[in-house]
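Have a look at the structure below, then the notes.
The values are calculated or read from the model by the stated rules, or taken from the named source; none is laboratory data. A quick note: this is a predicted structure, and the numbers were derived from the prediction, not measured. Cβ sites come from the backbone with ideal geometry, for glycine too, and all protein chains shown count toward neighbours.
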Amino acid sequence: CGVFGIWAVGHSEEAANFTYLGLHALQHRGQESAGIVASDGETLHVHRDMGLVADIFNAEVLAKLKGGAAIGHVRYSTTGASHVKNAQPLAVQYAGGAIAVAHNGNLVNAEALRAELESQGSIFTASTDTEVVVHLLARARPTGAPGTVEHLLGSIRQALGKVSGAYSMLFMTPKAIVGVRDPMGFRPLVLGRLKGNWVLASETTALDLIEADYVREVHPGEIVVIDASGVRSERLFPEQRPATRLGRCVFEHIYFARPDSVLFGRSVYEVRHSFGKQLAKEHSVEADLVVPVPDSGVPAAIGYAEQSGIPFAMGLVRSHYVGRTFIEPQQSIRHFGVKLKLNALRGVLTGKRVVVVDDSVVRGTTSRKIVKMIRAAGATEVHLRISSPPTAWPCYYGIDTPTRQELIASTHTTPEIATYVTADSLGYLSLEGLYAAIGDERTGFCDACFSGEYLIEFPKRPAQTPLR
Ligand code: 5GP
Ligand code: SF4
Ligand code: MG
């Protein structure tokens, strides 16, 4: 998912318009539903629907979202069905007043908390983990009078003190916007500034679009409050020590984030480019062309071509009218056919030994079709190179990877996968190579989907030893 928030009270009444643009730039993070909640200082105005940002909002809808502050959300489901009742931001009225919540991440103990809350009489309208946070907020008993920032922060701390997992979250009341990032910092969140106004967004590309300046990341375990008195930062949990182990999602760098974002302090494009260079060092091969699987494989393929000296060519063309298959929740559509999304260029590929570069292999079904398509277009050899290690473990922290059984690398060795996808050879980037390319310590990141080393415990953890 993606989140965006802007506080422009007193300067602009167009917070919802900026949020619309911000969400548009974050559309790659979720294509199922989107929503904006705007505050006019007294009331929260809400609009949420299924579909793409550009289809949900028009001038008429945006005009109704009055006010100088707004938060927004684009969703793809990790928990809870793809249904409008699960669209965010959630907006409720409770004893503390009106509040809206937008969440990127996944809470690992939400089911248990929900069962406990339900047994105590809470009624849930949606099936997302985020609604649990809203209930916990309503039950919090902090100091300070309801409606004050002190009360709000106390409630947020008490609520988030009970949950575990990944959350980059925005809260908005009629008087303030609050941004928080969980102590391990799984999902990104950045702070920006637009002509004296404060902006929060999942990725810097949203800041670029509205011509806001990137100020810095919201730190893991930080809570940022934006209201009439400006911006201030505190620790989310006052007792928390400076973290020695962070869990920033390395898969954001590999696939999820946009290449034009600065993520966890580094350019995503630069990082992917160096993944490709490292991949060429680890898995060189004699070939005539380096071809990316667009769009996700492009920066790594450029790096591979540079490092290897093999010419780069766009041997596959991508339809711009097909979304990210990764976040397409319906298997039927995912399997509708790679052909809908990609076509191979016969004139480029005929008679060539081709290195195909992609970011990841998940089920292996797409890769198999791509390899076959390239061969059918006349390539004499197809060597598949993947700019991440084998994806062998499901993610429980906000990326919707399939179950272990569906992940081809959890049940097959690399040579077996090469055979399955019908490639002449297959090479994955090593875990060491991944961090060498990022130029950072592994202790700053989560890589559980590759290593099986889960940083936060959760129920029904799969067997720790890979199947083979
Ligand atoms: P596969 O060969 O595993 O079917 O598909 C791999 C390719 O599709 C990669 O380009 C990857 O970006 C994308 N993809 C499709 N489905 C998923 C998914 O569920 N998770 C991830 N990480 N990538 C996927
Ligand atoms: Fe990211 Fe993988 Fe960790 Fe999930 S398990 S947070 S996808 S690195
Ligand atoms: Mg891809």
- Query: Consider P259 against the criteria (1) touching a helix residue (DSSP H, G or I) at 6+ places or on another chain (Cβ under 8 Å); (2) within 16 Å of ligand 3 (Cβ to nearest atom); (3) in contact (Cβ under 8 Å) with a residue 60 or more places away in the chain: it satisfies all of them except one. Which criterion is unmet?
  - Reply: (3)
- Note on the structure: Residues of the stretch 299-315 being closer than 25 Å to E252 by Cα and buried (at least 22 other Cβ atoms within 10 Å of the Cβ), in sequence order, are P299, A300, A301, G303, Y304, A305
- Can you tell me which residue within the stretch 236-260, out of those that are within 12 Å of the chain's Cα centre (by Cα) and not charged (D, E, K, R), is nearest to ligand 1 (Cβ to nearest atom)? Y255
- Could we say that Y269 is touching a Leu at 6+ places or on another chain (Cβ under 6 Å), in a helix (DSSP H, G or I) and either more than 16 Å from ligand 2 (Cβ to nearest atom) or not assigned by TED's automatic domain parsing to the domain that holds V354 (or both) here? no
- Task: Six or more apart or on different chains, Cβ under 7 Å: which pairs go from a residue in the stretch 356-367 that's touching a residue at least 40 places away in the same chain (Cβ under 8 Å) to one that's more than 9 Å from ligand 3 (Cβ to nearest atom) and aromatic (F, W, Y)? Could you list them?
- Result: V357/Y304; G364/Y420
- Query: Residues in the stretch 242-266 that are under 15 Å from A448 (Cβ atoms), in a loop (DSSP other than H, G, I, E, B) and modelled with pLDDT of 95 or more: how many?
  - Reply: 2
- Item | Yes/no for V357 being out of contact with any Asp or Glu (no Cβ under 6 Å at 6 or more places or on another chain) and within 16 Å of ligand 3 (Cβ to nearest atom) | yes
- Message: Residue under question is E239, and the condition is that it be part of a loop (DSSP other than H, G, I, E, B) and either on the phi > 0 side of the Ramachandran plot or among the hydrophobic types (A, V, I, L, M, F, W, C) (or both); does it hold?
- Response: no
- Scan the stretch 380-417 for residues that are assigned to a loop (DSSP other than H, G, I, E, B), buried (at least 19 other Cβ atoms within 10 Å of the Cβ) and touching a residue at least 60 places away in the same chain (Cβ under 8 Å) and jot them down. S387, S388, P389, P390, A392, W393, P394, C395, Y396, Y397, G398, I399
- Message: Take the conditions assigned by TED's automatic domain parsing to the domain that holds I438, acidic (D, E) and more than 13 Å from ligand 1 (Cβ to nearest atom) and apply them to E381. Does it pass?
- Response: yes
- In the stretch 335-358, the residues that are among the basic types (K, R), farther than 11 Å from L289 by Cα and more than 16 Å from ligand 1 (Cβ to nearest atom): R346
- Considering only residues that are free of Cβ contacts under 8 Å to residues at least 40 places away in the same chain and assigned to a strand (DSSP E or B), look in the stretch 191-222 and name the one that is surrounded by the most Cβ atoms within 10 Å (Cβ to Cβ). G192
- Query: Assuming S122 fulfils every condition listed in (1) among the small types (G, A, S); (2) away from ligand 2 (no atom under 16 Å from the Cβ); (3) in a loop (DSSP other than H, G, I, E, B); (4) within 24 Å of the chain's Cα centre (by Cα) apart from one, which condition is it?
  - Reply: (4)
- Task: Would you check if M184 is crowded, with 21+ Cβ neighbours inside 10 Å, assigned to a strand (DSSP E or B) and outside the structural domain of C395 (by TED's automatic domain parsing)?
- Result: no
